[in-house]
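This report refers to the structure that appears directly beneath it.
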Amino acid sequence: LVIWIALIMLAPFLSAAPSPAMRKLSHYIYLLFKPTCHQSPARSFHWGFYPFAVCIRCFTFYAAGLIIGGIYLFRTQIKMLPLRIYLLLAAPLLIDFLLEKLNLYSDLWIVRLTTGFMAGLVFFHLLLLAVSEKKYAQQDG
């Protein structure tokens, strides 16, 4: 995730570089992230005039994963949280997505930032939980 986030943030720096080779590399970074994000400049953080390689929501989703990974890096066991915690963290993203798709409102960057971060916490916590369960199951088996 550190490399993934670094690439996201590196793309606008390379876009602004005077070297054609650097700008070409930036183009490839944007292409790398195209399947994972709509990359709308209006919904992205920017460096100078150039947007990050993903939108605010995707960026904070990955940032949450990096934070969760850092927290659990030194823990020997990851525990499942109550289902209501996962639902409380994930529901705002679903609600925001549905309201926007129904054209009931146009979201704000802070909403995208918050919902992406909360969904990232849920996703990466469950991912690490699944990986740790498999690791311990293999050790016991």
Return the calculated 222 nm mean residue ellipticity for the chain, to the nearest 500 deg cm²/dmol, obtained by summing -39500 (n - 2.57) across DSSP H runs with n ≥ 4 and dividing by the residue count.
-23500 deg cm²/dmol
Quotient of Cα radius of gyration and Kirkwood radius for the stretch 65-135, i.e. Rg/Rh, equals 1.08
Specify the angular offset, from 0 to 90 degrees and rounded to the nearest 10, of the alpha carbon long axis of helix 2-15 from the longest principal axis of the alpha carbons in the chain.
10 degrees
Can you put 7, 87, 81, 129 in order of accessible area, largest first, using a 1.4 Å probe?
87, 81, 7, 129
Which label marks the calculated value of Cα Rg over 2.2 N^0.38 Å, given the options (1) 1.29; (2) 1.17; (3) 1.22?
(3)
For the stretch 27-39, in order, what is each residue's ³J(HN,Hα) by Karplus, 6.51 cos²θ - 1.76 cosθ + 1.60 with θ = phi - 60°, in whole Hz (x at glycine and Pro)?
4, 5, 5, 4, 5, 4, 8, 4, x, 9, 7, 6, 6
Just give me a number: lysine pairs in the chain, eight or more positions apart or cross-chain, with C-alpha atoms less than 23 Å apart.
4
If you line up the long axis of helix 109-140 against the longest principal axis of the chain, both from Cα atoms, how many degrees apart are they, to the nearest 10?
40 degrees
In whole angstrom, the spacing between the Cα centers of the stretch 78-116 and the stretch 16-76 equals 20 Å
Helix 56-72 vs. the chain, principal-axis angle (Cα, 0 to 90°, nearest 10):
40 degrees
Would you look at the GNM of the chain, springs on alpha carbons closer than 10 Å, and say which of 13, 74, 49 moves the most?
74
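The values are calculated or read from the model by the stated rules, or taken from the named source; none is laboratory data. All figures in this text were calculated on a predicted structure; none of them were measured in a lab. Note: areas computed on protein heavy atoms with side chains; ligands, DNA, RNA excluded. Shrake-Rupley method; radii C 1.70, N 1.55, O 1.52, S 1.80 Å.
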